[in-house]
Amino acid sequence: MFSANDPGGALAILPAVMALIARGDIVRGIVTGPALGIFLHASVAADDASGYSDDKLAREIQTFKPGGYLAGTSIGNSIDKRILEQLKGTPSVYVIDFWSHYGRRFPEAEADYAHLPTRVCVTDERMRDEMVREGFPPGPLAITGNPHFEHFTEGITRGAEDKQLAIFISQPIRKDVQAEGSLDCGFDEYKVLETIIACLPANMGLSIRLHPREEAGKFNAYLNEQVNIAKEATLEEALSHAGLVIGMFSPVLMQSALAGKPTISYQPDRTGDDPLPTNALGITIAPKDKTELADLLAAYVNGTFPHPASRIETLWPKGATARVVGVIDGLLLD
């Protein structure tokens, strides 16, 4: 059985689910939210559990009788946690998609690590070490890489991009801060967007790509002839259309950098560590303030935008999907 709600978690486990299907395993997906569209787009059947009561969920689990459970993480009381709670004694594997808010991805993790899944697949040593420092027991943690990273550039092209168009990759930071006050990182999507618009060269347009969890009209007050909402059907099409990509700490910024797009990560007045590892390596460019952001936008226009300091492919070795499947097989064979 597999489950996910948020886009990052769904994308992280999708290649592993497809690998299990390809080798003949019987799988059953119970998902909610943006995850449903991600699996259906990949022609992977999954049930929408948005309206499932706990009793309904229990009946579906008992009917399928899973021998193992694979899930992507989400913050909050998401469907994956509800399933995990009912699968006590069943081997379970989670894949973490990003370097942040580890404890809030699991039931009661900050208070009681007995509620963790059997194994937690992490991207790299940095993620494992951060989780151990946060209080996670090291035993369940397995360094596998994120399977989605191996598919980052699929569908992204550069042949027809508009060099005078930048795309802003939004995230619902303000909403998340209101729900979880301790998640405050010192900025939000509104502050960042306002600064980008203020620094935007007159001959450039800005397209805003909404996060799947964002409301359609949240940025209406900022729209004009120069600023609009991205209309492309998929994220990959939106990235392909733009010449420059700007965001905060979304993993989409790593995706665009790997595809060869000039990419800016703007996190003004950030509190705490930078969750985007590519900034420290100079793969994505991180201006410290409004002046540096304006200089970078001007550099892009005049053709002097800095080249990446290193190649993103060196960060994580290939084979993450096989390693996650290997973790699942290891548990089922024990």
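The values are calculated or read from the model by the stated rules, or taken from the named source; none is laboratory data. In this text, all values refer to a predicted model and were calculated from it rather than measured experimentally. Cβ coordinates were reconstructed from backbone atoms using ideal geometry, including for glycine residues, and neighbour counts include every protein chain displayed. In case anyone asks, the SASA skips ligands and DNA or RNA and just uses the protein heavy atoms, side chains included. Shrake-Rupley method; radii C 1.70, N 1.55, O 1.52, S 1.80 Å.
Of note:
- Remark: pairs (first residue in region 280-309, in contact (Cβ under 8 Å) with a residue 24 or more places away in the chain and among the β-branched types (Val, Ile, Thr); second residue open to solvent by 70 Å² or more (accessible area, probe 1.4 Å) and in a loop (DSSP other than H, G, I, E, B); Cβ separation under 6 Å; 6+ apart in sequence or on different chains) = ILE283/PRO308.
- Residue that is open to solvent by less than 10 Å² (accessible area, probe 1.4 Å), among the polar types (S, T, N, Q) and modelled with pLDDT under 95, where the choices are THR157, THR144, THR123, THR153: THR123
- Members of region 166-193 that are touching a residue at least 60 places away in the same chain (Cβ under 8 Å) and within 17 Å of ILE246 (Cα to Cα): ALA166, ILE167, PHE168, ILE169, SER170, GLN171, ILE173, PHE187, LYS191, VAL192
- Candidate set: region 104-120, residues that are touching a Phe, Trp or Tyr at 6+ places or on another chain (Cβ under 8 Å) and outside any loop (DSSP other than H, G, I, E, B); chosen: the one modelled with the lowest pLDDT: TYR113
- Residues being in contact (Cβ under 8 Å) with a residue 40 or more places away in the chain and not hydroxyl-bearing (Ser, Thr, Tyr) - total across region 194-221: 17
Here's the yes/no breakdown for (1) open to solvent by less than 30 Å² (accessible area, probe 1.4 Å); (2) touching a Phe, Trp or Tyr at 6+ places or on another chain (Cβ under 8 Å); (3) over 21 Å from ASP97 (Cβ atoms); (4) assigned to a loop (DSSP other than H, G, I, E, B):
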position: LEU11; (1), (2), (3), (4): no, no, no, no
position: ALA19; (1), (2), (3), (4): no, no, no, no
position: ILE26; (1), (2), (3), (4): no, no, yes, yes
position: ALA45; (1), (2), (3), (4): no, yes, yes, yes
position: GLU60; (1), (2), (3), (4): no, yes, yes, no
position: THR63; (1), (2), (3), (4): no, no, yes, no
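- Matching residues in region 47-58 - criterion: being among the hydroxyl-bearing types (Ser, Thr, Tyr) and either at positive phi or surrounded by 14 or more Cβ atoms within 10 Å (Cβ to Cβ) (or both): TYR52
- In region 135-149, the residues that are touching a helix residue (DSSP H, G or I) at 6+ places or on another chain (Cβ under 6 Å) and in a helix (DSSP H, G or I): PRO147, HIS148
- Residue check, ALA230 within 22 Å of GLY159 (Cβ to Cβ) and touching a helix residue (DSSP H, G or I) at 6+ places or on another chain (Cβ under 9 Å): yes
- ALA71 being closer than 22 Å to ILE26 by Cβ, touching a residue at least 12 places away in the same chain (Cβ under 8 Å) and in a strand (DSSP E or B): yes
- In this entry, ILE30 is excluded by the filter for residues that are in contact (Cβ under 8 Å) with a residue 60 or more places away in the chain and either touching a Phe, Trp or Tyr at 6+ places or on another chain (Cβ under 8 Å) or open to solvent by less than 40 Å² (accessible area, probe 1.4 Å) (or both).
- Residue that is in contact with a strand residue (DSSP E or B) (Cβ under 6 Å, 6 or more places away or on another chain) and of a type in the set (Val, Ile, Thr), where the choices are ILE13, ILE75, ILE61, ILE38: ILE13
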